[in-house]
Amino acid sequence: MTHALTGPEPGGLIRRLRARPVSAWQHGDRIPAARAALDDLAAAAAQQECRPVPAVPDLGAHALVDQLEVLFADAARSGVDPALIRRLTDALATRLGVTA
């Protein structure tokens, strides 16, 4: 079964997340969802480069968008399949309630 990608592109997701107040991260499981996405992005980039998966430090809710932006860029720069990056973006957007 093919899953239609419905969320924003990584850059669009980042822009939408930057528009939210830091307090918005406290709702539901937004912080754990973002942390899981950070780990997935770091793992994908590391696998692509045949290197150990780095630990992504917890810098607090105020830094989550910056961390996501950097790790999305790292994944793309590492040659991670754009379809995988898009699936990770879509999954995170869905978990965070961000629509296209």
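From the list Ala83, Ala43, pick out the single residue that is part of a helix (DSSP H, G or I), free of Cβ contacts under 8 Å to residues at least 40 places away in the same chain and under 17 Å from Gly11 (Cα atoms). Walk me through it before giving the result.
Numbers: Ala43 fails: under 17 Å from Gly11 (Cα atoms).
The conditions single out Ala83.
In the range 37-54, which residue that is hydrophobic (A, V, I, L, M, F, W, C) and either modelled with pLDDT under 95 or touching a Leu at 6+ places or on another chain (Cβ under 8 Å) (or both) is nearest to Asp90 (Cα to Cα)? Write out each step before concluding.
At the first step, the residues of the range 37-54 found to be hydrophobic (A, V, I, L, M, F, W, C) are 37-38, 41-46, 50, 53.
Cutting the leftovers down to either modelled with pLDDT under 95 or touching a Leu at 6+ places or on another chain (Cβ under 8 Å) (or both) gives us 37-38, 41-42, 44-45.
Working: Ala37: 11, Leu38: 14, Leu41: 13, Ala42: 17, Ala44: 16, Ala45: 18 Å.
Applying the filter and picking the extreme gives Ala37.
Quick one: is Ala63 among the aliphatic types (A, V, I, L, M), surrounded by 11 or more Cβ atoms within 10 Å (Cβ to Cβ), under 14 Å from the mean Cα position of the chain (by Cα) and part of a helix (DSSP H, G or I)? Answer is yes for this residue.
The values are calculated or read from the model by the stated rules, or taken from the named source; none is laboratory data. On a predicted model such as this, the values are computed, not experimentally measured, just so you know. Positions of Cβ are generated from backbone atoms using ideal geometry, with glycine treated the same way; all protein chains shown enter the neighbour counts.
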